Structures are given as structure tokens and as C-alpha cells.
Amino acid sequence: MKSFKTIFTLIFCVVLPVIEANGAVQIQANWTDAPIRIDGVLNEDIWQKAIPAPTLIQDEPNEGAQPSQPSDNRIVYDANALYVGARLFDSVPDSIMARLERRDSDMNSDCFLLGLDPYNDKRSGYYFGLSAAGAIYDGTFYNDTWQDDSWDGVWESAVKCDKQGWSLEMRIPFSQLRFKKSESYTWGINLYRKIHRKNEEDFIAITPRNESGLVSRFVDLVGIENIDAERKMEILPYVRSKAEYLAVDPDDPFNDGSRFLGGVGADFKVGVGNNLTFDGTINPDFGQVEVDPAVINLSDVETYYDEKRPFFIEGSKTFNFGQGGSTNYWNINFSSPNLLYSRRIGRAPQADLSDYDYADVPEGSRIISAGKLTGKIGGNWNVGLLNATTAREFAKVSLDGENSKVEAQPLTNYSVLRTQKEFKEGQHGLGILTTLTKRFFDDQSLSDNLNEEALVVGLDGWSFLDTGKTWVIAGWGGLSNISGTQTCITNIQTNSRHYFQQPNADHFEVDSSATSLTGYATRINLNKQKGRLICNAALGVISPGFDVNDLGYSSSSDVINYHIGSGYKWTEPTKTYRYFDIEFALARTLDCVGHTLSNSIMNFGYYQFLNYYSINWGNGYFFETYDNRLTRGGPLTISPTGVWGYINFSSDSRKKFIYGLYFETSGSDTGSVDRYLEIPLEWKIADNLSFEIEPELSLNHSYAHWVDDYDDIYATATYGKRYVFAEMDQTTLSASLRLDWTFTPRLSLQLYAQPLMAAGDYYNFKELARPKSYEFSVYGKGGSTITENVSANELTVDPDGNSGSANSYTFDNPDFNVYSFRSSAVLRWEFARGSTVYLVWTHNRFDDDDRPDFNLNRSFSRIGRTKPNNIFMVKATYWFNV
């Protein structure tokens with residue numbers, strides 16, 4: 001009888017509360033008006049009375065199996081917050097992996113996460129998590145399966161480890177969530193537990209291996225009603241002090257090597273109803289704490305740096321464009337434009353000051369004010385509005401001993417509007433993104449270098465082709481229009497993104513009288529979302545005049561690109577592997593009149609061993625095609641046949657020592673070869689201390705590397721210009737070092753360093769012999785001459801020798817050596833909820849010379865002798881919830 005009563009009680013208390021009449025799983029939230037102390041100990045009466053959530057199910061390693069360790073999870077709420085209490089039993093408690101890491105670090109620990117979909121739209125939501133040591137994870141879900149950890153909510157948590165395992169409590173204020181106001185609520189919810197030593201992952205609702213979807217699989221959270229749903233105002237004032245000690249020229253009239261700066265301001269967040277949030281700022285501090293890595297860029301493409309400023313990172317996924325619906329976007333040999341690149345806002349002044357002896361230029365354009373409005377309206381319309389204004393900036397300049405001040409950047413306003421509507425629970429979607437950049441010139445000389453106005457309008461969307469959401473077609477299209485002076489627009493037409501001056505192009509030409517430029521771009525993607533068979537195809541077009549770089553990023557234009565790919569995945573573990581997939585693809589790129597610029601076949605694959613080591617690879621064969629970028633605005637050339645491949649090996653991330661190896665190589669039948677080696681290593685010194693080092697070595701040999709071009713009326717075969725190239729050997733050695741030391745969940749120290757050394761040796765100088773070829777006339781042969789002036793570091797070339805009519809020309813020897821060291825130290829202390837103190841030190845050294853050879857000892861010695869730049873900063877913020 002006792003056994004019968006026990007079974008009956010379990011059925012009544014566990015099964016019935018989580019099953020609706022139609023059999024769907026639910027979790028019941030339980031009301032409390034008694035206070036709950038957030039200490040990780042579940043000793044309040046409400047935790048005993050609350051209805052437990054259903055049993056978790058294994059997702060990994062044994063899909064659908066019962067968890068190896070039981071758990072008891074309960075949801076409670078009061079008028080102001082949602083509470084989570086979890087008792088996570090463990091039969092071997094001393095084996096619990098309790099790593100204390102920085103907020104939002106990789107979850108290399110036993111941990112527990114709560115997923116919420118307050119709109120119950122099956123596509124978006126929040127997650128809140130804790131490790132067994134109390135490390136904090138939080139962020140947002142979007143596009144059903146994707147995650148963004150840039151959002152940092154203000155919530156309370158605590159954990160407790162004991163002989164039974166570990167337990168936790170969370171308190172999540174409703175003011176931190178967005179949801180539609182109602183008398184009662186049904187939200188989506190999922191619970192997740194990771195048992196790290198077993199690589200076990202358990203959920204309330206799993207995603208089967210051959211299917212897709214995450215938020216759309218959340219179960220219902222019911223029982224929440226009569227809560228205080230009013231959003232509050234949050235104010236975050238800051239104070240900052242900064243000291244700079246810089247290595248400067250002793251004759252610099254504007255900088256003696258030291259300066260001290262201070263600042264005060266405030267950010268604020270206001271709830272506009274329950275669905276919208278307005279983020280604003282007064283005298284913002286938009287400097288970034290983390291330094292950008294050093295790079296050696298010898299191409300004609302601008303280096304892309306990730307955004308690192310919190311104001312622009314948080315909520316940035318609202319403005320994501322062109323990547324909804326589909327969970328897999330392949331871009332093979334296609335550089336997809338980014339219509340919003342927020343690092344354009346507050347960028348360094350763009351005036352050309354190279355004619356002055358000295359110039360004191362602000363590091364960035366000061367952002368006078370910025371604000372953004374994000375959220376949902378009208379049920380399922382996602383909206384985002386961003387507006388920022390940067391100040392007119394001036395530079396102090398000196399020429400021949402005369403000092404003056406010139407305008408370096410005009411007053412500029414940036415506006416972004418993003419809307420997106422979903423239909424039939426995400427079956428279809430349609431969105432619009434508009435950006436507008438407007439500059440106000442006082443100094444008209446700047447208008448010859450900068451556009452006056454730039455407008456971009458984009459339309460994107462997706463549609464699932466079947467009710468099971470197996471096949472989806474997604475895409476986007478955009479129009480751009482820029483306007484400015486004739487000189488400005490002419491410069492735009494001839495820059496590296498357009499190259500309208502190409503002499504053998506018959507579908508565009510430079511229009512020196514134009515005061516505007518218009519273009520379009522589009523990309524359509526077809527993807528199979530479910531099943532073992534992998535299918536993906538895409539077609540993209542970027543017209544010659546498309547330009548979004550005032551507030552976006554694009555590296556090229558005049559492109560038609562398509563690919564088709566297929567593969568297969570083995571998702572069930574066997575005696576030899578845990579997971580295995582392989583894919584094949586055909587890809588081709590043309591210009592807008594049909595010249596083939598790339599034509600390749602490729603293979604990719606991934607193999608995970610039973611011990612959780614893994615290997616992935618890719619390789620391809622490139623057929624001979626044309627190249628419209630080698631001559632940087634000159635005639636077409638041939639791109640020779642080539643091959644490419646990489647292999648990437650990774651060890652088990654659960655171990656104390658984690659290691660890997662990445663090797664990539666490519667080459668052509670002309671002898672050009674590129675090799676790249678990367679060896680990532682991580683040592684988990686203690687549960688709260690880790691060290692990573694990632695050395696990188698690059699060895700490149702180019703048969704024809706760009707040097708310059710020179711006008712010559714006698715160069716009739718190449719349209720009156722000589723396009724000069726050289727063989728070039730480049731060696732680059734660098735390493736990224738990172739030390740993470742987390743003292744408490746809210747106090748951490750991060751150290752970062754990157755030494756970089758590079759050398760380039762140019763030789764066998766030559767010129768392009770004829771268009772649509774890969775043939776060159778080597779200087780010093782066939783009657784041409786080349787002489788070197790070592791003291792001046794110059795080379796003089798006479799293309800046809802003393803007996804010919806062509807004029808000689810002189811250019812600097814492009815050989816180089818670069819010596820760089822960048823480092824930073826960041827101490828972050830969250831001394832109260834949402835309130836933080838930062839102590840930051842950045843240390844940089846840079847030098848270069850014209851030596852062609854790579855010498856490791858000399859490079860380290862040179863870095864050690866180079867005078868450093870040291871910058872110290874203290875910043876404190878305090879969070880008020882009004």
C-alpha cells in the first residue's frame with residue numbers, strides 16, 4: 001500500500017501538473033508573497049510547496065535517454081520577479097566541474113540554464129545561466145536557434161555545493177524582460193543542465209539530431225498572472241579618468257608625450273510600455289576596453305574589425321539583416337555586404353593631413369548623443385531605431401613651423417531604421433532596413449573626400465516551403481545611393497570597391513561629372529533545415545555602383561556569384577565516431593558582363609571521435625579564370641589554376657590541457673604558395689584561472705605581388721600604364737596570449753598580449769605584358785634595366801633601356817619589416833547590481849624598417865627597444881532603477 005501511495009503521489013505531483021488536456025508538456029509557475037533570500041539554499045517553504053518541473057531528457061550523448069543524474073527544478077514568481085530553484089543531484093559530488101569564469105565565457109563547467117520566450121513567438125527569447133561555481137551566463141535567442149551573449153541583464157543569483165550535488169537560485173526581475181501585457185501569461189520555457197565530465201546535456205525539450213529549431217520547441221510556462229508589468233527607468237551614470245604616456249617625436253609641437261583626460265556622462269534605459277525599450281546616452285563614453293589585434297594588410301581591401309563597444313553590441317541582433325529563417329548560410333567566394341557596420345559611427349577623422357609635418361588628430365569622432373529604440377509592436381513586428389550624431393572635429397597641424405587648426409571631420413548624423421514582421425509562427429518573414437548618413441560641411445575641402453549623403457534601403461525575408469519547415473528560401477535585396485561633389489564621386493568610382501577606370505570594361509566607366517552613384521545588390525539562399533541529407537544553394541549579385549560604406553561595409557562590387565552544395569551527416573554514434581558529415585560544392589563567380597572570376601569545386605567535412613576529439617577539413621580545386629582585381633583598376637588578367645585546403649584538429653574541451661592544430665595551404669601552377677599554421681593551446685591552471693596561447697605562422701610566396709602603376713604613353717599594350725609587380729616572400733609570426741583570472745562571479749582580471757613580427761622581400765620586378773594574360777616582362781631582361789640606389793632605398797626602371805623612347809621611373813623599394821606588440825589588462829568589478837568599476841591598462845609598441853629578411857632575435861630585440869605607448873583608465877558606473 002505504501003508503494004502504491006508513493007507512485008500515486010508521484011503521478012499527481014509530477015505528471016499531472018505538466019500535462020495539458022491535449023497531452024502537451026507544461027511547467028507551472030507558483031505564486032509566492034513570502035520573501036526569498038537568494039543564497040543558493042532552497043530552504044524557503046515555497047520551494048517545497050511549488051510544483052516541480054518535468055524530468056529532463058538527455059540530448060547528448062544518448063538522445064532521448066534519462067539523465068544520468070536527477071534534478072528537481074521549480075519555478076516561482078511574485079509581483080516583481082521570476083524565481084528559479086534547482087536542486088541538481090550528483091552521486092559523485094567531488095567530480096562536479098565547478099569552474100569560475102568571466103561572465104559569458106564558454107561553458108566549460110557543470111552548469112544550468114533557463115531559456116525564456118516571453119512573447120511566445122517561437123523564435124526569440126532570453127537565457128540565464130549559472131555554473132556550479134556561480135559563473136554567470138546570459139543573453140538572447142534570435143532566429144529560433146541562434147544566440148547572442150552581448151545582452152547583460154541585471155538579475156540576482158547564487159549557488160551552493162554540498163554532499164548531494166549543487167543547488168542554485170535565480171531572481172529575474174520582470175523589468176528585464178519584454179512581453180505583451182496581459183492579465184495572465186503563457187511563455188515559452190526550456191531548462192538545460194550540463195554535466196561536464198560526461199559531456200552530458202539535458203533539456204526539458206530537446207532538438208532531435210536530424211531536425212532543427214530551439215526556441216520553437218520550448219514548452220509552455222503557465223500560471224503567471226497579475227504581475228507588475230510596468231517597465232522602469234534605469235540610469236547608469238559614469239565617471240572616467242584617463243592618462244596617456246605616448247612615444248612621440250620630440251619636435252612635435254602638440255604633444256609632449258603625456259596627457260590627462262576626464263569625463264562624466266550617463267546612459268539610461270526607459271521602458272516604453274512592455275514591448276519597447278529606449279536606450280539613450282548623454283556625453284557617452286564610447287571608447288572600447290579591448291584592443292584590436294595587429295594585422296599586416298597588403299591587399300586593396302579594408303580590414304574589418306569587430307564591434308567592441310557595449311552600447312552598439314547590446315541588442316545589435318535586432319538590426320541583423322539578410323539572415324532570418326534559414327539556419328545555414330553558405331557564402332563560397334562571396335563577400336556579403338554588411339549594411340550596418342556600427343564602427344563607422346565615431347570613426348577616426350578622415351581628412352587627408354599627409355601634407356603637414358605634424359598633426360594632432362583625435363582618435364575618434366566624439367559622439368555627441370546616441371539613442372536606440374528596440375522591441376516589438378503590433379504583436380509580432382520587431383522594430384529597431386538607432387540615431388547618433390558625431391561632433392565636428394578639428395586637428396592641430398604644423399607645416400614649416402607654422403601651427404594652425406583645420407577641420408578634420410564634419411558634423412555627421414547617422415540614422416538606422418529596422419522593421420521585421422513574422423507570419424504564421426515564423427513560417428514567413430519580411431523586413432526592411434534603412435540607413436541614412438548625412439554630413440554637414442563647414443570646410444568644403446572635406447566634401448571632396450566624403451559623401452554629403454548616403455541612403456541605403458534593404459528588403460529581406462524568408463519563407464518555409466513546407467509546413468514541416470524542412471526547406472526554406474531566404475534572401476535580401478538592397479539599393480544604395482550616395483551623393484557628393486564631382487571630385488568625391490569620381491574618387492568613389494575609382495577606389496578599390498569599384499575600379500570604374502578598368503580600361504577593358506565595357507559595362508561601366510568613370511563619369512567625372514557625376515554627383516551621385518546608385519547601385520543594387522541581392523542574395524537568395526535555399527537551405528534544407530532537417531534530415532541527414534544536406535542541401536544548400538545561393539545566388540548573389542552586387543552591381544558595379546553598389547556602395548554602403550558610409551554606415552556599412554562592403555569590399556567589392558560588380559559580382560555575380562552562385563553555388564550549389566550537398567552532403568550527408570551521420571548523427572548516431574557508432575563504434576568509431578560520435579558524429580560525421582561530409583559536403584561537396586560547386587561555386588562560380590562572374591562579373592556583371594559574364595567574365596568568370598572564380599570557378600571551383602570543394603569538399604568539406606567534420607569527424608568527431610568517441611573520445612570527443614575532432615577533425616574538420618576543406619579542400620578545393622580552382623580552374624583558370626579571369627582576375628579583375630590584380631591590377632587594381634587596370635586590365636583583366638588571368639587567374640591561374642590552383643588548389644586549396646585546410647585541416648583543423650581539436651582535443652577534448654573537458655580536459656585540463658586543451659590543444660589543437662590548424663593548417664591551411666593554397667597554391668597555383670605558377671609557383672605561388674601560401675601556408676598558414678595555428679596551434680591553439682589552453683591550460684586550465686585552476687578552477688578560476690586559465691591561460692591560452694595561440695601562436696600563428698604564415699609563409700607566403702607570391703609570383704606576382706602588386707607594387708604600383710605608372711603612366712607611360714608608350715605602354716600601348718596595357719592602355720598607357722605600366723602595372724608593376726614583383727615576386728614576394730612574406731613571413732609573419734605572431735601569437736595571442738590571454739590569461740583569465742576570475743576571483744568571484746563579479747570580480748575578474750583579464751590579461752591579453754599579442755607580439756607580431758613580419759618581413760616582406762620583393763624581387764624580380766616586372767610589368768604586365770598584355771591584358772587577359774598572366775605574362776610579365778621582367779625588368780633587367782629583354783633590353784629593360786633596373787638599378788637600385790641602396791642609400792635612398794629606391795629602384796629605378798627603364799622599361800626599354802637607353803635605346804628606347806619610354807621614360808624611366810623611380811619608386812621606393814617596398815621591402816619591409818614590422819615589429820609590433822599590443823597588450824591590455826582589464827580588472828572588472830561589479831560591486832553592486834549592474835554597477836561596475838573598470839581598471840584598464842593598454843601597452844603598445846610599433847616600429848618598422850625596410851629590411852627584407854626575417855630575423856626572430858632582431859625582431860624581439862627591436863620590440864624591446866621601441867618606446868611604448870601606455871594608457872591607463874579608470875571608469876566607474878552605478879546602476880539606478882528608478
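The values are calculated or read from the model by the stated rules, or taken from the named source; none is laboratory data. Because the structure is a prediction, the values reported are computed rather than measured. So basically every Cβ, Gly included, is an ideal-geometry build from the backbone, and we count neighbours across all protein chains shown. Just so you know, the surface numbers come from the protein's heavy atoms only, side chains and all, with ligands and any DNA or RNA stripped out. Shrake-Rupley method; radii C 1.70, N 1.55, O 1.52, S 1.80 Å.
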Practice item. Could you please tell me which pairs satisfy a Cβ distance under 8 Å, a separation of 6+ or placement on different chains, a first residue in the stretch 25-39 that is in a strand (DSSP E or B), and a second residue that is at pLDDT below 95 and loosely packed, with under 14 Cβ neighbours inside 10 Å? Key: Val25/Ile19; Gln26/Ile19; Gln26/Glu20; Asn30/Lys49
**Study point:** Criterion (of a type outside the set (D, E, K, R) and surrounded by fewer than 17 Cβ atoms within 10 Å (Cβ to Cβ)) met by exactly one of Pro349, Pro337, Pro310
**Key:** Pro310
Review point. Identify, please: which residue in the stretch 486-521 is among the aliphatic types (A, V, I, L, M) and in a loop (DSSP other than H, G, I, E, B) and is, among those, farthest from Ser447 (Cα to Cα)?
Key: Ala505
Check your understanding: Looking at Asp306, is it farther than 25 Å from Val239 by Cβ and either of a type in the set (D, E, K, R) or in a loop (DSSP other than H, G, I, E, B) (or both)?
Key -> yes
Review point. Scanning for something in contact with an Asp or Glu (Cβ under 9 Å, 6 or more places away or on another chain), open to solvent by less than 10 Å² (accessible area, probe 1.4 Å) and either closer than 15 Å to Val84 by Cβ or at pLDDT 95 or above (or both), does the stretch 180-187 turn up at least one residue?
Key: yes
Study note, to complete from the structure: Just one listed residue, out of Tyr659, Tyr621, is free of Cβ contacts under 8 Å to residues at least 24 places away in the same chain and either in contact with a Gly (Cβ under 9 Å, 6 or more places away or on another chain) or not in a strand (DSSP E or B) (or both), and it is Tyr621
Review point. Looking only at the stretch 318-334, which residues are under 19 Å from Thr435 (Cβ atoms), open to solvent by less than 20 Å² (accessible area, probe 1.4 Å) and at pLDDT below 90?
Key: Gly324
Practice item. Could you look through the stretch 162-179, keep only residues that are open to solvent by less than 30 Å² (accessible area, probe 1.4 Å) and modelled with pLDDT under 95, and pick out the one that is nearest to Asn226 (Cα to Cα)? Key: Phe174
Review point. From Lys656, Lys684, which residue is touching a strand residue (DSSP E or B) at 6+ places or on another chain (Cβ under 6 Å), under 23 Å from Glu201 (Cβ atoms) and open to solvent by 60 Å² or more (accessible area, probe 1.4 Å)?
Key: Lys656
**Study point:** Odd one out for Arg738 among (1) open to solvent by 40 Å² or more (accessible area, probe 1.4 Å); (2) touching a Lys or Arg at 6+ places or on another chain (Cβ under 7 Å)
**Key:** (2)
Exercise for review: Could you look through the stretch 808-834, keep only residues that are in contact (Cβ under 8 Å) with a residue 40 or more places away in the chain and over 28 Å from Lys242 (Cβ atoms), and pick out the one that is farthest from the chain's Cα centre (by Cα)?
Suggested key: Tyr809
Point to revise | strands (runs of 3 or more DSSP E) (entirely within the stretch 51-129) containing at least 3 residues that are open to solvent by less than 40 Å² (accessible area, probe 1.4 Å) | key: 71-77, 81-89, 111-117
Practice item. Give Glu393, Glu407 a once-over and let me know the one that is touching a helix residue (DSSP H, G or I) at 6+ places or on another chain (Cβ under 9 Å) and over 26 Å from Ser316 (Cα atoms). Key: Glu407
Review point. Tell me, which strands (runs of 3 or more DSSP E) wholly within the stretch 340-443 include 1 or more residues that are under 30 Å from Phe268 (Cα atoms)?
Key: 367-377, 381-390, 393-399, 402-409, 411-423, 428-440
Exercise for review: Name the single residue, out of those in the stretch 694-715 being assigned to a strand (DSSP E or B) and more than 30 Å from the chain's Cα centre (by Cα), that is surrounded by the most Cβ atoms within 10 Å (Cβ to Cβ).
Suggested key: Ala704
Exercise for review: Quick one: Pro640 ticks every box in (1) within 30 Å of Ala717 (Cβ to Cβ); (2) at pLDDT below 95 except a single one, so which number is it?
Suggested key: (2)
Revision key, fill the gap. Looking across the stretch 471-487 at residues that are surrounded by fewer than 22 Cβ atoms within 10 Å (Cβ to Cβ) and not β-branched (Val, Ile, Thr), the single one that is farthest from Lys528 (Cα to Cα) is Gln486
Study note, to complete from the structure: Note on the stretch 243-284: residues among the hydroxyl-bearing types (Ser, Thr, Tyr) and open to solvent by 50 Å² or more (accessible area, probe 1.4 Å) are Tyr245
Review point. Which of the residues belonging to the stretch 382-404 are within 27 Å of Ser369 (Cα to Cα), open to solvent by 60 Å² or more (accessible area, probe 1.4 Å) and touching a residue at least 60 places away in the same chain (Cβ under 8 Å)?
Key: Lys396
Study note, to complete from the structure: When every residue in the stretch 659-678 that is surrounded by fewer than 16 Cβ atoms within 10 Å (Cβ to Cβ) and charged (D, E, K, R) is compared, the one farthest from the chain's Cα centre (by Cα) is Asp669
Review point. Does any residue of the stretch 474-485 turn out to be at pLDDT 95 or above and not in a strand (DSSP E or B)?
Key: yes
Exercise for review: Output the residues belonging to the stretch 546-568 that are surrounded by fewer than 17 Cβ atoms within 10 Å (Cβ to Cβ) and within 30 Å of Ala65 (Cβ to Cβ).
Suggested key: Tyr568
Practice item. Determine which member of the set Leu430, Leu373, Leu340, Leu399 is within 24 Å of Tyr305 (Cα to Cα), at pLDDT 90 or above and aliphatic (A, V, I, L, M). Key: Leu340
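What do you reckon, is Ser415 modelled with pLDDT under 95, among the hydroxyl-bearing types (Ser, Thr, Tyr) and out of contact with any Cys (no Cβ under 8 Å at 6 or more places or on another chain)? Outline the logic, then answer.
On the way: modelled with pLDDT under 95: no; among the hydroxyl-bearing types (Ser, Thr, Tyr): yes; out of contact with any Cys (no Cβ under 8 Å at 6 or more places or on another chain): yes.
So Ser415 fails the test.
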